[in-house]
Amino acid sequence: MIAFDKVTIVRLWILKIVDTESPDWAASTYKGNVVIRATDERGARREATHRFHIASEKTSGGHVKANPWSQEALVVCEQYTGNEYSTTGNSGILFPQHEDILWRSYAQPIIPPDAAR
């Protein structure tokens, strides 16, 4: 019997913020574009949600802030067309790296290379 390894197709995704004013951004440690290697959009959003989620307080009206990375109204997810990153490797966040977040202002979105495409 011949065994074949399952081949998983991995793509590059970019998550772009479309609504920066939502109070739900208080539930994220990062507010900027993200480049992710994942099998699909759902996996890309899940990676961002896990990396950047923080607990936050309820609003005065009792609204519980939800992590914005899974919300299509706040963040769009598209296939990344730049050439800065490889599809080869494990799923995960390629941009920003931890040190990018430490040295940049939370209030200023960080744009990855080739993001304008």
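The values are calculated or read from the model by the stated rules, or taken from the named source; none is laboratory data. Only a predicted model underlies this, so the values are computations on that prediction, with no experimental measurement involved. Don't worry about glycine lacking a Cβ; one is built from the backbone with ideal geometry, like all the others, and counts go over all protein chains shown.
Tabulated data for the structure shown
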item	result
Test for ALA3: is it exposed (fewer than 13 other Cβ atoms within 10 Å of the Cβ) and either outside any strand (DSSP E or B) or modelled with pLDDT of 90 or more (or both)	yes
Residues of the range 16-48 that turn out to be part of a loop (DSSP other than H, G, I, E, B) and free of Cβ contacts under 8 Å to residues at least 60 places away in the same chain, as a count	6
Tally, over the range 72-88, of residues that are surrounded by 15 or more Cβ atoms within 10 Å (Cβ to Cβ) and assigned to a loop (DSSP other than H, G, I, E, B)	4
Candidate set from the range 77-117 (those that are within 24 Å of TRP25 (Cβ to Cβ) and of a type in the set (Phe, Trp, Tyr)); member that is modelled with the highest pLDDT	TYR80
Selected residue [in contact with a Pro (Cβ under 6 Å, 6 or more places away or on another chain) and closer than 19 Å to PHE95 by Cα] from TRP25, TRP69	TRP25
Search result, residues across the range 24-38 that are at pLDDT below 95 and not aliphatic (A, V, I, L, M)	ASP24, TRP25, SER28, THR29, TYR30, LYS31, GLY32, ASN33
ARG51 vs. criteria at pLDDT 95 or above and either part of a strand (DSSP E or B) or of a type outside the set (Ser, Thr, Tyr) (or both)	no
Single unsatisfied condition, ARG42 versus (1) of a type outside the set (A, V, I, L, M, F, W, C); (2) farther than 21 Å from ASP19 by Cβ; (3) modelled with pLDDT of 90 or more; (4) more than 10 Å from the chain's Cα centre (by Cα)	(2)
Single condition THR59 does not satisfy, out of (1) at pLDDT 85 or above; (2) loosely packed, with under 15 Cβ neighbours inside 10 Å	(1)
